[in-house]
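J.: Quick one: the structure is below, questions incoming.
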Amino acid sequence: MVELFGRSISAREVAEHAGALSQFAGVRLMTLGDGIERGVRMLEFRTGTGLRFTVLVDRAMDIADCEHRGRAIGWHSPAGFRHPGLHEYEGEGGLSWLRSFSGLMVTCGLDHILFMDEDDASHYVYGPRETVSSSLHGRIGTIPARLTGYGERWEGDRCFLWCEGVIQQSTVFGEDLHLVRRIEAEIGTDEIHLHDRVVNRGFYRTPHMFLYHINIGHPVLAEGSRYLAPLSDVVWAAHAGPDYAKSGVGYRTLPRPQHGFHEQVWQHEMAADADGRVPVALVNDALGFGVLVETRKNQFPCHYEWQNLQAGQYALGIEPSTNHVLGKQFARQRAELIWLEHGEERRYDTVFQVLDGADTIAAAEARIRAIGGQPDEDFPAPSGNYPRITGREARA
């Protein structure tokens, strides 16, 4: 049955009450038409509960807008949803990625994440190319998708909105990695399900790194909002040292927008439940509003918290990652870099859940605390203990 407007109704009853499902919910394709967004294809999803989100087909099928009953969840940066044709990947010493950085979710990868890097290219067997140059967070986030389908699917009296596409990061004498992305949302629910496959379609042995930059804005993020996670250890903090607490902003409780704020990043070691799931949430108790992101420990063994609390750019990032925060060379040294042979792939399954109301927040917090507690102090001393990531052999 479909849960709509406070009651359970059948597919027949849904049809009886309107000439088209789109009166209540649906997914439709549109094209943005002005400014730096002009020409970007976008899919709009509405589940009928007040959950609305958009998928940028021409930007890796990332999730851009996200709101619930008119309240924003996803972050809109000053950069906007820039058309990929305007992006200069090599610009600003590798930092031009920031000029295309906006939305609830920005995908990072497929062969590189984190800060700029020069990596050995001998595995591509092409003499003139001695190194692979990577800018901040890799190439994938500004590559248009080939949209393979979208629409509505009924399974008895349940209806699922969906889209699927392929994003291809490829070059001659280099990588040929494909991201096959499927996004689903059931009508009558407050959840988004993301299913990704990264496949090596080439015949060179190719490195793979992957990260979701999940960016939550106001009003979920506000003065007093709380970061909740089954956090067993604080591994690293970018700002650790004698001035660790200088900003006065710890990892747990968030302040109002700040002036002159420098970003803060932590790597947290997360515990998982019996099924290997890791739920992390940001909640605004004053509004009874929040969002929970659920990932799988065997897919994303590492987790970062990003704080960009600067006025005018106010955001908190939940960042599940395939690798530790020290980057590709650190992963190489520890034999933790994923390598894919032809036809081999990695899969990633993630759920976004809107937390609407105090009871829903309380249930999410109880679930997280049942998996593991988190430090009570705002500035826990980073341990520097980077757990060994195992099982990094390529697999089909």
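The values are calculated or read from the model by the stated rules, or taken from the named source; none is laboratory data. Because the structure is predicted, anything quoted here is derived from the model rather than measured. Please note: Cβ atoms are built from the backbone with ideal geometry, for glycine as well, and neighbour counts cover all protein chains shown.
J.: Out of GLY26, GLY39, I need the residue that is farther than 29 Å from ALA286 by Cβ and out of contact with any helix residue (DSSP H, G or I) (no Cβ under 8 Å at 6 or more places or on another chain). Which one?
T.: Values: GLY39 fails: out of contact with any helix residue (DSSP H, G or I) (no Cβ under 8 Å at 6 or more places or on another chain).
Exactly one of GLY26, GLY39 is farther than 29 Å from ALA286 by Cβ and out of contact with any helix residue (DSSP H, G or I) (no Cβ under 8 Å at 6 or more places or on another chain), namely GLY26.
J.: Go through the range 344-382 and give me each residue that's under 18 Å from HIS303 (Cβ atoms) and β-branched (Val, Ile, Thr).
T.: Within the range 344-382, THR350, VAL351, ILE368, ILE371 qualify.
J.: Which pairs have Cβ atoms under 9 Å, sit 6 or more apart or on different chains, and link a residue in the range 93-116 that is within 17 Å of ASP196 (Cα to Cα) and touching a residue at least 60 places away in the same chain (Cβ under 8 Å) to one that is of a type in the set (S, T, N, Q) and assigned to a loop (DSSP other than H, G, I, E, B)?
T.: GLY109/THR322; HIS112/SER135; ILE113/THR322; ILE113/ASN323
J.: Could you tell me which residue of the range 197-238 is farthest from LEU104 (Cα to Cα), considering only residues that are of a type in the set (Phe, Trp, Tyr) and in a strand (DSSP E or B)? Even if it seems obvious, please write down each step before you answer.
T.: In the first step, residues of the range 197-238 are kept if they are of a type in the set (Phe, Trp, Tyr); the result is 203-204, 210, 212, 227, 236.
Okay, now just the ones that are also in a strand (DSSP E or B), so 210, 212, 227, 236.
Numbers: PHE210: 17, TYR212: 10, TYR227: 17, TRP236: 24 Å.
The qualifying residue farthest from LEU104 (Cα to Cα) is TRP236.
J.: Got at least one residue in the range 323-332 being surrounded by 21 or more Cβ atoms within 10 Å (Cβ to Cβ), under 30 Å from GLY202 (Cα atoms) and among the polar types (S, T, N, Q)?
T.: Yes, there is a match, as at least one residue in the range 323-332 is surrounded by 21 or more Cβ atoms within 10 Å (Cβ to Cβ), under 30 Å from GLY202 (Cα atoms) and among the polar types (S, T, N, Q).
J.: Ok, one more. Collect the residues in the range 15-40 that are surrounded by fewer than 18 Cβ atoms within 10 Å (Cβ to Cβ), at pLDDT 95 or above and not β-branched (Val, Ile, Thr), keeping them in residue-number order. Let's see the steps before the verdict.
T.: Kept after step one, since they are surrounded by fewer than 18 Cβ atoms within 10 Å (Cβ to Cβ), are these residues of the range 15-40: 15-20, 22-23, 28-31, 33-36, 38-39.
When the remaining residues are screened for being at pLDDT 95 or above, the result is 28-31, 33-36, 38-39.
If the condition is that a residue be surrounded by fewer than 18 Cβ atoms within 10 Å (Cβ to Cβ), at pLDDT 95 or above and not β-branched (Val, Ile, Thr), then ARG28, LEU29, MET30, GLY33, ASP34, GLY35, ARG38, GLY39 are the ones that fit.
J.: Please enumerate the residues belonging to the range 377-389 that are on the phi < 0 side of the Ramachandran plot and touching a residue at least 60 places away in the same chain (Cβ under 8 Å). First the steps, then the outcome.
T.: Within the range 377-389, the subset on the phi < 0 side of the Ramachandran plot is 377-383, 385-389.
Within the range 377-389, GLU377, ASP378, PHE379, PRO380, ALA381, PRO382, SER383, ASN385, TYR386, PRO387, ILE389 qualify.
J.: Within the set of pairs 6 or more residues apart or between chains, which connect a residue that is closer than 13 Å to GLU118 by Cα inside the range 325-336 to a residue that is buried (at least 16 other Cβ atoms within 10 Å of the Cβ) and among the hydrophobic types (A, V, I, L, M, F, W, C) with Cβ atoms less than 6 Å apart?
T.: Going by the 6 Å Cβ cut-off, the qualifying pairs are GLY327/LEU114.
J.: Give the range 123-172 a look and list any residue that's β-branched (Val, Ile, Thr), out of contact with any Gly (no Cβ under 8 Å at 6 or more places or on another chain), touching a residue at least 24 places away in the same chain (Cβ under 8 Å) and not in a loop (DSSP other than H, G, I, E, B), or say none. I'd like the intermediate steps shown before the answer.
T.: Of the residues in the range 123-172, the ones β-branched (Val, Ile, Thr) are 125, 131-132, 140, 142-143, 148, 166-167, 171-172.
Next cut, out of contact with any Gly (no Cβ under 8 Å at 6 or more places or on another chain) only: 125, 131, 142-143, 166-167, 171-172.
Those left that are additionally touching a residue at least 24 places away in the same chain (Cβ under 8 Å): 125, 142-143, 167.
Within the range 123-172, THR142, ILE167 qualify.
J.: Tally up the residues in the range 89-101 that are surrounded by fewer than 17 Cβ atoms within 10 Å (Cβ to Cβ), more than 14 Å from SER133 (Cα to Cα) and not hydrophobic (A, V, I, L, M, F, W, C), please.
T.: The number of residues fulfilling the criteria is 0.
J.: Going residue by residue through the range 288-307, is there one that turns out to be in contact with a Pro (Cβ under 7 Å, 6 or more places away or on another chain) and among the acidic types (Asp, Glu)?
T.: yes
J.: Any residue at all in the range 339-356 that is in a loop (DSSP other than H, G, I, E, B), crowded, with 16+ Cβ neighbours inside 10 Å, modelled with pLDDT under 95 and not β-branched (Val, Ile, Thr)?
T.: no
J.: Output the qualifying pairs, or none if there are none: Cβ atoms under 9 angstrom, residues six or more apart or on different chains, first residue in the range 276-304 and surrounded by fewer than 21 Cβ atoms within 10 Å (Cβ to Cβ), second residue at pLDDT below 95 and not polar (S, T, N, Q).
T.: Within 9 Å, the pairs are ASN298/GLY391.
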